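Undergrad: There's a structure below that I have some questions on.
Only the coordinates and a few stated rules stand behind these numbers; no lab work does. Everything numeric here is computed off the predicted structure, so don't read it as measured data. Positions of Cβ are backbone-derived with ideal geometry, glycine not excepted, and every protein chain shown enters the neighbour counts.
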Amino acid sequence: MQEPSAKKSLGQHWLNDETSLNAICDAADVQDGDHVLEIGPGQGSLTNKLLQCGAHVIAIELDENLAENLPHHISPHTEDGPACSGLEVVQGDILKFDLTLMPPNYKIVANIPYYLTSNLLRVICESSNPPAKMALLVQKEVAQRIAASPGSMSVLSVSVQLYYTAKLGQIVPAKLFVPPPKVDSQVIGLTLHEEPLFNDLDSKRFFQVVKAGFSGRRKKLRSSLSGGLHISKDEADKLLARAKIDGSLRAQELSLEDWHKICKIL
């Protein structure tokens, strides 16, 4: 059977390095009996690892050809064909997949292209049935943005860390992929908070404030909030003073607690 070539338009890069594949499974703490949603299984290298761990895998693949051929890449094979009893393949778009169909405490494992990362994380984090754990292989720069601390925060890090604890994992050099991407990748593990960080959170208002704060990334907070929330700088200063936050700070310097304080006063 001829192997399909990677499609640049879908950001496809195959990873077959055993050490890296094991690191991804370890980051999600995949155990026997776990239900794992794998996004973009491609040629099945990671799928095989997940099945070897004893996981029940639902593999979502956008590429119709890859989805059709995935069972043939699963080992070990029997006389009757591939041993895929723990695998279900769904051909479709993960952004349209109903996560409420997954059982409680399921996990997500994925080697995902850069263009999909932000939208995918937003959909997952805001789902009514988010995974208990995730292990994602993304561009190194993106992984570090997700796990950033105050001083280097972004809308992405705030959005993810509101729901998950982030832990950086193994760096995977570009040369280990076929074809190699232009930059290195990194594993990031995400663990759902056992309890919400803020019990009284109005998420719509929270993200309205955060996006306003980051609307002028190089500007001081009073200026970016003024423009983003359509209020005067004096009003922004009063708002920040009540929250006991220095208006001369920049958005990337604030913690999640700081954003919550502003949100409560607004």
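Undergrad: Tell me which of Leu225, Leu240, Ser215 sits at the most positive position along the dipole axis of region 203-246, charges placed on C-beta atoms (Lys, Arg +1; Asp, Glu -1).
TA: Positive-end residue among those listed: Ser215.
Undergrad: Shifting gears a bit: Taking θ = phi - 60°, what integer Hz values does the Karplus form 6.51 cos²θ - 1.76 cosθ + 1.60 yield along region 211-218, in sequence order, with x for Gly and Pro?
TA: Result, rounded to whole Hz: 5, 5, x, 8, 5, x, 4, 8.
Undergrad: While we're here: Quick one: what Rg and Dmax do you get for the chain from the alpha carbons, in Å?
TA: For the chain, the Cα-based Rg and Dmax read 20.8, 76 Å.
Undergrad: Any number yet on Rg/Rh for region 203-265, C-alpha, Kirkwood? Please report the intermediate quantities before stating the final value.
TA: On the way: Rg = 9.8 Å, Rh = 11.0 Å.
Answer for region 203-265: 0.90.
Undergrad: What residues qualify as long-range amide H neighbours of Val172, i.e. H under 5 Å apart, gap of 5 or more or another chain, H built at 1.01 Å from N?
TA: Amide H neighbours of Val172, under 5 Å, 5+ apart: Ser185, Gln186, Val187.
Undergrad: Would you be so kind as to identify which of Gly169, Gly92, Pro104 lies farthest towards the positive end of the dipole of the chain, taking Lys and Arg as +1 and Asp and Glu as -1 on Cβ and the Cα centre as origin?
TA: Toward the positive end, the furthest listed residue is Gly169.
Undergrad: Tell me, Leu249, Leu225, Leu254 in order of fewest to most beta-carbon neighbours within 10 Å?
TA: Values: Leu249 16, Leu225 27, Leu254 23.
Listing Leu249, Leu225, Leu254 from fewest to most nearby Cβ atoms yields Leu249, Leu254, Leu225.
Undergrad: Follow-up question, since we're still on this one. Treating only the Cα positions of region 111-266 as identical point scatterers, give the base-10 log of I(q)/I(0) from the Debye formula at each q in 0.12, 0.20 Å⁻¹.
TA: Evaluating at q = 0.12, 0.20 Å⁻¹ gives log10 I(q)/I(0) of -0.56, -1.20.
Undergrad: With the dipole of region 10-192 worked out from charges on the C-beta (+1 for Lys and Arg, -1 for Asp and Glu) around the Cα centre, which of Leu121, His72, Asn22 lies farthest toward the positive end?
TA: Towards the positive end, the residue furthest out is Leu121.
Undergrad: Direction-averaged shadow area of the convex hull around the Cα atoms of region 169-246, nm²?
TA: Numbers: hull surface 34.6 nm².
So the mean shadow area of the Cα hull is 8.6 nm².
Undergrad: Moving on to the next point. Place a +1 charge on the Cβ of each Lys and Arg in the chain and a -1 charge on the Cβ of each Asp and Glu, then give the dipole magnitude about the Cα centre in debye, rounded to the nearest 20.
TA: Details: 27 positive and 31 negative charges, 395 e Å.
For this selection, approximately 1900 debye.
Undergrad: Among bridges DSSP assigns within the chain, what percent are antiparallel (round to 5)? Write down the numbers at each step before the final one.
TA: On the way: 18 of 37 bridges.
Beta bridges within the chain, antiparallel portion: roughly 50 percent.
Undergrad: Counting only Cα, what are the radius of gyration and maximum Cα-Cα distance Dmax of region 144-213, in Å?
TA: Rg and Dmax of region 144-213, Cα atoms, are 15.3, 47 Å.
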